[in-house]
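Working notes, structure below.
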Amino acid sequence: MKEGYRLYYAVACSIWKRADLEPKPKTMERVAGVLSVAGIAVYEIQTSWLECEPRPAAIWEALTGELAPPYWTETSNWPPEEPGHVLRLLGDKGIPVSAP
């Protein structure tokens, strides 16, 4: 399996703020679907967590519809990502997000 980022259900719920999404995801499968639409590969799904590509900024943008704050990305050792990349991708798909 590729090295991944483990996203827990509680964390996903805490940043689940995109205007077009329901108030809270019912399952990690729902979270995985939202990440997949944003171009983030999901490797494994369990009841309380999922393993996906190690792209913290992209995960934040996919679930919040906003740019990731510095504290979200500065604490990781993952490669940097262009801010707003996922927001532009979602916007191109007609999904309402904050402008990057």
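Residue separation times 0.36 nm, minus the C-alpha to C-alpha distance between residue 37 and residue 98: what's the value? Could you put the intermediate results ahead of the total?
On the way: separation 61, 0.36 × 61 = 21.96 nm, distance 1.68 nm.
Full extension from residue 37 to residue 98 adds 20.3 nm.
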TODO: State, to one decimal in nm, how far the label point of residue 13 lies from the label point of residue 88, with both points 7 Å from Cα in the Cβ direction.
DONE: 3.5 nm
Task: Candidates 86, 37, 11, ranked by Gaussian network fluctuation over the chain, Cα under 10 Å, top entry - done: 11
Open item on the list: Cut-off is 10 Å between beta-carbons; in what order do 52, 13 appear when sorted fewest neighbours first?
Closed with: 13, 52
Task: Between the range 65-93 and the range 21-59, the Cα center-to-center distance that results, in Å - done: 15 Å
Open item on the list: Compute a Gaussian network model of the chain, connecting alpha carbons closer than 10 Å, and tell me which residue from 16, 72, 60 fluctuates the most.
Closed with: 72
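So if I place +1 on the C-beta of Lys and Arg and -1 on the C-beta of Asp and Glu, and nothing else carries charge, what would the dipole magnitude of the chain be about its Cα centre? I want it in debye, nearest 20.
Using Cβ point charges on Lys, Arg, Asp and Glu, the chain gives about 280 debye.
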TODO: Would you mind counting up the charge near residue 85? Only other residues with Cβ under 15 Å from its Cβ, with Lys and Arg at +1 and Asp and Glu at -1.
DONE: -3
TODO: Output ³J(HN,Hα) for the range 7-20: one whole-Hz value per residue in order, computed from phi by the Karplus curve 6.51 cos²θ - 1.76 cosθ + 1.60 with θ = phi - 60°, and x for Gly and Pro.
DONE: 9, 8, 4, 4, 5, 4, 5, 5, 10, 6, 10, 4, 4, 8
- [ ] Could you check which residue among 35, 67, 21 shows the biggest mean-square fluctuation in a GNM of the chain with a 10 Å Cα cutoff?
- [x] 21
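Quickly estimate the mean residue ellipticity at 222 nm for the chain, helices only: each DSSP H run with n ≥ 4 gives -39500 (n - 2.57), and the total goes over all residues, rounded to 500.
Numbers: 5 runs with 39 residues, N = 100.
One gets -10500 deg cm²/dmol as the mean residue ellipticity at 222 nm.
For the range 5-92, compute the orientation-averaged projected area of the C-alpha convex hull (one quarter of its surface), in nm².
On the way: hull surface 20.6 nm².
Result: a mean projected hull area of 5.1 nm².
The numbers here are math on the coordinates, done by the rules we state, and not lab data. These figures come from a predicted structure and were not determined experimentally. Reconstructed Cβ throughout: ideal geometry from the backbone, glycine too, with neighbour counts over all protein chains shown.
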